[in-house]
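The values are calculated or read from the model by the stated rules, or taken from the named source; none is laboratory data. Quick caveat: nothing in here was measured; it's all calculated off a predicted structure. Here the Cβ is made from the backbone with ideal geometry for all residues, glycine too, and neighbour counts use every protein chain on show. Heavy atoms of the whole protein, side chains included, go into the accessibility calculation; ligands, DNA and RNA do not. Shrake-Rupley method; radii C 1.70, N 1.55, O 1.52, S 1.80 Å.
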Amino acid sequence: MSKTACFVMKIVGASLAFAAVVCLLIGGWHDLSVGCCGMKKRLSKKFNSEYDDYNDEELYD
């Protein structure tokens, strides 16, 4: 195979791989966003103060 054909095949292969990654990101965008929001909720629960669950207004009535 000539050098030009080999080079063209590499370019085609790289562009197909890039298109596959883009399609995976677009197809899984909702799952990625849900995963990020879920992680934020878990981290906020994990690092909250132990006194955040008390209603301060009711304690001082």
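Tabulated data
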read-out	value
The one condition in (1) surrounded by 10 or more Cβ atoms within 10 Å (Cβ to Cβ); (2) at pLDDT below 70 that VAL8 fails to fulfil	(2)
Residue count, the stretch 16-28 (criterion: open to solvent by 100 Å² or more (accessible area, probe 1.4 Å) and at pLDDT 90 or above)	2
Matching entry among GLY38, GLY13 (being at pLDDT 70 or above and in a helix (DSSP H, G or I))	GLY13
Criterion: part of a helix (DSSP H, G or I), modelled with pLDDT under 75 and either touching an Asp or Glu at 6+ places or on another chain (Cβ under 9 Å) or not basic (Lys, Arg) (or both) - qualifying residue of ASP31, ASP53, ASP61	ASP31
